[in-house]
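Bear in mind these aren't lab numbers, they're just calculated from the coordinates by the rules spelled out. Note that the structure is a prediction, hence the values are computed from the model and not measured. Here the Cβ is made from the backbone with ideal geometry for all residues, glycine too, and neighbour counts use every protein chain on show.
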Amino acid sequence: MHFDAAEGGFAPFGQEAHIYGHEGQRWTAEASEQWVRIEPSTGLFDSQQHIEVLIDHAGLGLGDYSATIS
C-alpha cells in the first residue's frame, strides 16, 4: 500500500485489504508503527474478510515512512 499526505493537510483516505483464512478462525492484525491504524484489528474469518488500513500523519515530519502489518 502507498499513502500520500501533505504537511498540514487532511489525512489520506484509508485503503481496504482482503485477508483470508479458515472460516470461524480468529485473526489479529498489528502494525509495526503507531501511526498505522487497522480497523477492525481482530475478528473471526468469514467468507470475505476486509480490513481498513488508515494513516495518522499528525506529528510526522516530511519524508518517507514504512511500516509492516502482520
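Quick notes on this structure:
- Structural descriptor for the chain: relative contact order 37 percent, calculated from alpha carbon pairs under 8 angstrom and at least 6 residues apart.
- With the simple model of a label 7 Å out from the Cα in the direction of the Cβ, TRP27 to ASP46 spans 1.3 nm.
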